[in-house]
Amino acid sequence: MSRGRLVVGNWKMNPATIDDAMTLARSVAAMPHGPADVGVAPPAIALRAVADALRGSVVAVYAQDVHWEESGAYTGQLSVAMLHGLAAGSIVGHSEVRRDQGDDDARVAKKLARVLSAGMRAILCVGETESQFASDETEAVLRRQIDRDLMEVPGVTAERLVVAYEPVWAIGTGRPATGAHASGAARTIRAALRIRGVPADDIRILYGGSVSRSTVGEFASAEGIDGALVGGASLKPDEFGAIVQAFGS
């Protein structure tokens, strides 16, 4: 079954200025993409500028996070209403947001439900910590996260949901998982999605965690992996372009 390939660059708290973000966005738009779908997730302050810079291109824009309420006293947060016209969707449940902002699975579930109910695409991030990996708990963690994160989301479609497997111990460490480990995680995720009544075979699963030009080949050929959620390497157009091309070949 061909689910299509997707590569998304998560810029995190980079680059330093809005002008730099626009320049980076234009560089991404200008690079060859092949058949892979491509997206970028700039910082919130640069969302409008990046969306304008990419308007008319095939590169989609995503928010890095979103709140589950439509409006209210939620300092520093973004609602889905604010994203309309700027972003195709949002990353939800990234490990850094879970870590730094206290997002547990209950909060992630509410965010996921809000994004999907608004007709936008959600990139749901799941993955185990280093201690969980060392204790051979990867499968249990992934099953638990999928089960709890989708609790409030009926009728999920493959067009709206993407799952990113990001082992926390591999993010930003230069120590990626193996292709075999990523494939095993993808099988576990799809099994958990089926239990939730989701069309698992149609859902794209991305790998994230120290993806680079030198490591991407292993994941591009890994069974069950349909693309990548790329961190630091997405800030370097040539490096990001090589990753996109690996998934587009």
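The values are calculated or read from the model by the stated rules, or taken from the named source; none is laboratory data. Predicted model only: the values in this text are computed from it and were never measured. All Cβ positions, even for glycine, are placed from backbone atoms using ideal geometry, and neighbour counts span all protein chains on display. Only protein heavy atoms, including side chains, enter the accessible area calculation; ligands, DNA and RNA are left aside. Shrake-Rupley method; radii C 1.70, N 1.55, O 1.52, S 1.80 Å.
Can you run the Rg to Rh ratio on segment 196-243? Use alpha carbon positions and the Kirkwood inverse-distance Rh.
Working: Rg = 12.3 Å, Rh = 11.6 Å.
A ratio of 1.06.
Could you do me a favour and compute the accessible area per residue for the chain, 1.4 Å probe, result in Å²?
43
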Worksheet item: How many percent of the alpha carbon pairs in segment 94-202 exceed a separation of 22 Å?
Response: 28
Worksheet, complete the sentence: If amide H atoms are modeled at 1.01 Å from N in the peptide plane, then the residues at a separation of 5 or more from V7, or on another chain, having amide H under 5 Å from its own are D37, V38, G39, A228
Item to complete: Rank by packing, highest mean first: peptides 173-184, 36-47, with packing defined as the count of other Cβ atoms within 10 Å averaged across residues.
Response: 36-47, 173-184
Discussion item. Run the helix sum for the chain: -39,500 (n - 2.57) per DSSP H stretch of 4+ residues, divided by residue count, reported at 222 nm to the nearest 500 deg cm²/dmol.
Written reply: -11000 deg cm²/dmol
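So which trypsin sites (Lys or Arg not before Pro) in segment 18-126 are both in a DSSP loop and have at most 15 other Cβ atoms within 10 Å of their Cβ?
Numbers: sites: R26, R48, R55, R98, R99, R107, K110, K111, R114, R121; in loops: R55.
Passing both the DSSP loop test and the Cβ count: R55.
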Discussion item. For K236, give me every one of the lysines with a C-alpha distance below 20 angstrom, ignoring sequence neighbours fewer than eight places off in its own chain.
Written reply: K12
Worksheet, complete the sentence: Between R26 and R99, Cβ-based FRET efficiency (R0 30 Å, step 0.05) works out to 0.40
Discussion item. Could you tell me the extents of the chain's C-alpha atoms along the three principal axes, largest first, rounded to whole Å?
Written reply: 45, 44, 33
Worksheet item: Once amide H atoms are built 1.01 Å from N in the peptide plane, which residues 5 or more positions from V92, or in another chain, come under 5 Å H to H?
Response: I123, L124, C125
Worksheet, complete the sentence: When all Cα-Cα pair distances of segment 11-90 are considered, the percent exceeding 17 Å is 45
